[in-house]
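To start, the structure under review is shown below, and the notes come after it.
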Amino acid sequence: MSTEVMQAIRIDETFYNVKEIRRLTDETFSLKLPGGRFKFKAGQHISLGIQGDYQSREYSIYSGENDENLEVLVKEVKEGYFSPKLSHLKKGDLVEVNGPFGKFKIEEKHIPDNKFVFIASGTGIAPFRSMVRTYPELDYQLIHGVRYGHEAYDKEEYDPERHILCTTGDKEGQVHGRLTKYLKRTSFEKNTHFYLCGNSNMIFDALEILKNKGFDRDHIHCEVYF
């Protein structure tokens, strides 16, 4: 097979037709694409581009490993360049996907004998939805920090006894205040692995709290959204 044909096949594989833009809030949506073209591990991310545009952005995969569709979670930044363009895509439009990338994933050998605490701010919840959908047997707790209760994306998918919502702008969450408030007052068992995803300030603050509780970096895994 000629090099030109191989390149054409590769290019064709990287372009996906948009299946759906699923609105979660006025600003946040799930971009749904056909799944199954490549294998990924829950927690990894992809690079996403728009046909005809020179820029791309990285997004954590929001869907589980065995889901029919490939999803990413996007919060539109009104003054931004890229996310508003994604927001205006229609069914059938083409996007370019490269990846998967990253080592932010669960070691399956740890699942039977360990607890997992997922700590997310905003759309940093994306890799944790992927993990929960992929590993239904996980002994997990999800701590999600947002401004308002309506930003608890796809909340109904999680066991309510495992989902802790922390809200700073209203009192709809179990915790009124930043998620670090909940971390400070909560005790965790020693056989716990912590996964942190979100803005850098939250991660640095959470790392300090967990360090003071006696957990070392072997049990703490981070993915920073800037």
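Numbers below:
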{"quantity": "Carbon/sulfur fraction of accessible area - the chain, other protein chains in place, 1.4 Å, %", "calculated": "47"}
{"quantity": "Accessible area in the full protein assembly, largest first, 1.4 Å probe, for V224, V175", "calculated": "V224, V175"}
{"quantity": "Normalised contact order of the stretch 87-208, rounded percent, pairs of Cα under 8 Å and 6 or more residues apart", "calculated": "27"}
{"quantity": "Rg followed by Dmax, in Å, when the chain is reduced to its Cα trace", "calculated": "18.3, 63"}
{"quantity": "Set of lysines with alpha-carbon distance to K115 below 25 Å, sequence-local pairs under 8 removed", "calculated": "K41, K103, K105, K155, K181, K184, K190, K211, K213"}
{"quantity": "Near-label residues of the stretch 167-193 by backbone N, under 16 Å of a point 7 Å along Cα→Cβ of E27", "calculated": "167-170"}
{"quantity": "Förster-model FRET efficiency, 22 Å R0, N191 and K103, C-beta, rounded to 0.05", "calculated": "0.55"}
{"quantity": "Average accessible surface area per residue within the chain, 1.4 Å rolling probe, Å²", "calculated": "52"}
{"quantity": "Of every Cα-Cα pair in the stretch 132-210, the percent that sits beyond 15 Å", "calculated": "59"}
{"quantity": "Computed over the chain: relative contact order in percent, which uses C-alpha pairs under 8 Å that are six or more apart", "calculated": "17"}
{"quantity": "Lysines with Cα under 24 Å of K85, excluding same-chain neighbours fewer than 8 positions away", "calculated": "K19, K32, K75"}
{"quantity": "Residue-level accessible surface for F15, protein heavy atoms, 1.4 Å, Å²", "calculated": "50"}
{"quantity": "K32, K39, K105, reordered so the largest accessible area comes first (probe 1.4 Å)", "calculated": "K39, K105, K32"}
{"quantity": "Where C166, C222 fall by accessible area, highest first, once all protein chains stay in place (1.4 Å)", "calculated": "C222, C166"}
{"quantity": "Estimated [θ] at 222 nm from DSSP helical runs (n ≥ 4, -39500 (n - 2.57)) normalised by residues in the chain, nearest 500", "calculated": "-6000 deg cm²/dmol"}
{"quantity": "For the stretch 197-203, 3J(HN,Hα) per residue [Karplus equation, 6.51 cos²θ - 1.76 cosθ + 1.60, θ = phi - 60°, Hz, x = Gly/Pro]", "calculated": "8, x, 6, 5, 4, 4, 5"}
{"quantity": "Accessible surface of F215 - all protein chains present, 1.4 Å probe, nearest 10 Å²", "calculated": "20"}
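The values are calculated or read from the model by the stated rules, or taken from the named source; none is laboratory data. Just so we're clear, the structure is a prediction, and the values are computed from it rather than from any experiment. Glycine also receives a Cβ, built like all others from the backbone with ideal geometry; neighbour counts cover every protein chain displayed. Side chains are part of the model used for accessible areas, which takes the heavy atoms of the whole protein and leaves out ligands, DNA and RNA. Shrake-Rupley method; radii C 1.70, N 1.55, O 1.52, S 1.80 Å.
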